[in-house]
Every structure is written in structure tokens, then in C-alpha cells.
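Colleague: Before I ask anything, here is the structure I am working with.
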Amino acid sequence: MRDFSKRLIAWQKVHGRHGLPWQRSRDPYRIWLSEVMLQQTQVGTVIPYYEQFLDRFPDLTRLARAPLAEVLRLWAGLGYYSRARNLHRAALKIVDERRGAFPRRRVALEELPGVGRSTAAAVAVFAFGAREAILDGNAKRVLARHFAVEGVPGNSAYEAKLWSLAESLLPARDVPTYTQGLMDLGTAVCTRTSPGCAHCPVASSCVALKRGCVAAFPTPLRRKPARVRSVAMLLLLRGSEILLQARPPAGIWGGLWSLPEMPIGVDARAHCAAELGCEVGTPEALAPLRHRFTHFTLDIRPYRCEVSRVMSRTEEPRRVWYGLAQAEAAGVPVPVRKLLRGLRRNT
């Protein structure tokens, strides 16, 4: 056990990552922000969002005092929008209830909205040098293979085995380096597919490698075929303006601006008159597109509609007319941004 952490620390110092933006600071706000953004999102995708977010919200107080709509606007495109809402709620909690003092202990960090045990541990380790175990996706894969841990991912008994291992492997010193090494090993060497076992610093003690069954760990989950949900999106144009509608606070794209929707097969002109308070000409069907979520695929059928008359219902608080150029920057989901961009090119 001790040899595992020792070799991993030595490897990280030479081969690990040292130039990531959040590694330049021990500011808990910056580290927490990076850990939340990195949940289910690759490093290369996170970096530009992280830097843009810090330009706008350089500290906890500015994030807490910002409107949620502005936070969501900067998060648009990163996905998993509940992270942004929880980030904002957590910032408010720290500023209002703790007078801006960031929690230092893992158990206190876990009380923040959107912060689980592993994220809390990572913040405690990297910001405060705490001796805590992490268990993110990369760490789970490394430990499951190295010790050939049997069980179904997500099962409570299986997770408990991994947490017990993670805690037992913690070194007495250099915990931040060890923790970063575990993350780096899972990212660069012990990858989900085609792992580079020949370059692994702990290959000599890897049980799965000795048995010749690295691909069997973690136990592959049987994935159900992704269901497809179809929806029509309406691009309502009034001169050089387009109508955007705020999504409900919770659920898919919660709190973002999007395009009005209607069920497939509904008459668009009748729908616009009855539900959106405007009269439109003959709708033009545009090229459909698909957007994949974790558990389903969204099949989008867009329709371009020229508005000839606006009635009062269109001017509700959750609906806004935007100039086409401004609409893309309003904090809209990725597929909506693609539709708006295509519309601008062809207008």
C-alpha cells in the first residue's frame, strides 16, 4: 500500500500535470470552481470557461452578488447546468452565513449545494493541504483495476470498498501531489479504453494486469438504448429580432434562454397565435439536428416563422425579443446557439 502512493508521487512530479490554471493558486474559491467545472467535463473543455468565469467573477463575493441569469450565461455550453445553479447557491451560503469564510474541513464543504464527498475532499486537499481521500471517476478506475475490485459501479457495497481502499492508500505526506497523481494517472495512462499499462508507474503490482483482464475493471455497465425525444423549436423573427423564452428554473437547461417549443405535429401557426400571442406566415422547416444528453437524445425540428403581428401575450416577462447577434450571447444551450448561428448566416 505504501509503495503504491510512493511510486505515484514520484511519477506525478516528473510526468504529471503542473500547468493547469487552477494549479497556480491555493485560493479555495478558484479550486472549488475548477472542481465543480471538472465534474463530468474534460479539462480541455473546462479551461476557457474557467478563465472567462474568473474574469467576470474573480472572487466569491462577486459571484454571490451576481444575478443567476448572468452566471448561467457564462456557463452556457458547458452543460449540466445544475452545477451553475448550485455554485451560485453555495456562494450565497458562504457569503451570507459564513461572512465569506470558505469552509476548510471536508465535512463542512460537503454542506455546500452541489458538493459531494470527493469534490469536498479535493478542495480540502488542494486548498488547505488536508489529508483526505478523493474518489472521482479516474480514481475509481485506477483503484478498481489495480486491486481488481469486483462489483457493480454505483452499488453501495462496491463504492464502500473503493472508499476504504482510497483512504488506506493515503500517504502521510505529499497528499496534494499524490491526489493529483491519481487524477493524472487515470487521465493519461489508466484510461477507459486502450490503457497505457507499459507506462504505468504502479503496473508491477496491478492485479488486473497480472490476470490479463484490465478491460474487465471496472465492471462494464449494461447500457440501455438511449431514448429519443422529439420537439419542434420555433425561430420567430420580427425584422432583425428573434423571440427567446426563459426555461423553467429546474430541469433540462434550467434557467437558460431558449427558443419556444411545441410538440411535433402541432400546427405552428395555430400554436403561435394561441400560446405565443403572435401571427406568423407559413413556417419554413429547417434542417433537423440532434443533441445528446446523458440518458436520452433530443431530436430537434426547427421552424423559421416570420411574425406579421404581435399581441400582448408575446411580451410576457419570460419572453424577450433579442437582436440576432445578441441572442447568441444571451446564455443559450449549444443546439440553440447552432440554430441561431445558422440563421444569421442565411439571413
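Each reported figure results from applying straightforward, stated rules to the coordinates on display, with no laboratory input. Owing to the predicted nature of the structure, the values given are computational and were not obtained by experimental measurement. Using ideal geometry, Cβ is built from the backbone for each residue, glycine included, and neighbour counts are taken over all protein chains shown.
Colleague: Pull out a ≥ b ≥ c, the square roots of the eigenvalues of the alpha-carbon gyration tensor of the stretch 115-202, then state rounded if a/c is under 1.5, prolate if not and a/b is larger than b/c, and oblate in the remaining case. Walk me through the numbers on the way to the answer.
Modeller: Details: a/c = 1.79, a/b = 1.19, b/c = 1.51.
Oblate, since a/c reaches 1.5 and b/c is not below a/b.
Colleague: Does the stretch 172-220 come out rounded, prolate or oblate by the C-alpha gyration tensor, with a ≥ b ≥ c the root eigenvalues, rounded set by a/c under 1.5 and, if not, prolate when a/b is larger than b/c and oblate if not?
Modeller: prolate
Colleague: A further question follows. Quick one: what are the phi-derived ³J(HN,Hα) couplings along the stretch 107-120, Karplus 6.51/-1.76/1.60 with θ = phi - 60°, whole Hz, x for glycine and proline?
Modeller: Residue by residue, the stretch 107-120 yields 4, 6, 5, 5, 7, 6, x, x, 10, x, 4, 5, 4, 4 Hz.
Colleague: When only Cα pairs under 8 Å and 6 or more residues apart are kept, what is the percent relative contact order across the chain?
Modeller: It rounds to 17 percent for the chain.
Colleague: About its Cα centre, how strong a charge dipole does the stretch 159-298 have in debye, to the nearest 20, once Lys and Arg get +1 and Asp and Glu get -1 at the Cβ?
Modeller: Numbers: 15 positive and 10 negative charges, 160 e Å.
Computed about the Cα centre, the dipole is about 760 debye.
Colleague: Okay, moving on. Just to be sure I follow: if Rg is taken over the C-alpha atoms of the stretch 227-345 and Rh is the Kirkwood radius over the same atoms, what is Rg/Rh?
Modeller: Reported Rg/Rh (Cα atoms, Kirkwood Rh): 0.93.
Colleague: Using alpha-carbon positions, what is the distance between the centroids of the stretch 208-252 and the stretch 143-174, in Å?
Modeller: Centre-to-centre (Cα) distance: 29 Å.
Colleague: While we're here: If you build a Gaussian network model of the chain, linking Cα atoms that sit under 10 Å apart, which residue out of 192, 99, 131 swings the most?
Modeller: Highest fluctuation among the options: 99.
Colleague: In debye, nearest 20, what is the charge dipole magnitude of the stretch 2-216 about its Cα centre with +1 on Lys and Arg Cβ and -1 on Asp and Glu Cβ, if you could check?
Modeller: Rounded to the nearest 20 debye, it is 240 debye.
Colleague: Please arrange 271, 18 by counting, for each residue, the other beta carbons lying within 10 Å of its beta carbon, fewest first.
Modeller: Numbers: 271 20, 18 11.
With the sparsest Cβ surroundings first, the list reads 18, 271.
Colleague: Something else now. With all distinct Cα pairs included, what does the Kirkwood hydrodynamic radius of the stretch 21-74 come out to in Å, to one decimal, could you say?
Modeller: One over the average 1/r among Cα pairs gives 11.5 Å for the stretch 21-74.
Colleague: In whole angstrom, how far apart do the alpha carbon centroids of the stretch 91-131 and the stretch 292-343 sit?
Modeller: 37 Å
Colleague: What ranking of 242, 252 emerges when the number of other C-beta atoms within 10 Å of each C-beta is taken as an exposure proxy, fewest first?
Modeller: With the sparsest Cβ surroundings first, the list reads 252, 242.
Colleague: Output needed: percent of Cα pairs per 10 Å distance bin for the stretch 60-217, bins running from 0 to the one holding the longest distance.
Modeller: Pairs per bin, as whole percents: 10, 31, 31, 20, 7, 1.
Colleague: Ok, one more. Based on the alpha-carbon gyration tensor of the stretch 68-156 and its eigenvalue square roots a ≥ b ≥ c, which shape applies: rounded if a/c is under 1.5, prolate if not and a/b is larger than b/c, or oblate?
Modeller: It is oblate, given that a/c is not under 1.5 and a/b is not larger than b/c.
Colleague: Okay, moving on. Averaging over all projection directions, find the projected area of the Cα convex hull of the chain and quote it in nm² with one decimal place.
Modeller: In nm², the orientation-averaged hull projection of the chain is 20.0.
Colleague: Under the Kirkwood approximation for Rh and a Cα-based Rg, what ratio Rg/Rh is obtained for the stretch 132-288?
Modeller: Reported Rg/Rh (Cα atoms, Kirkwood Rh): 1.26.
Colleague: Going by how many other beta carbons lie within 10 Å of each one, how would you line up 211, 106, fewest first?
Modeller: 211, 106
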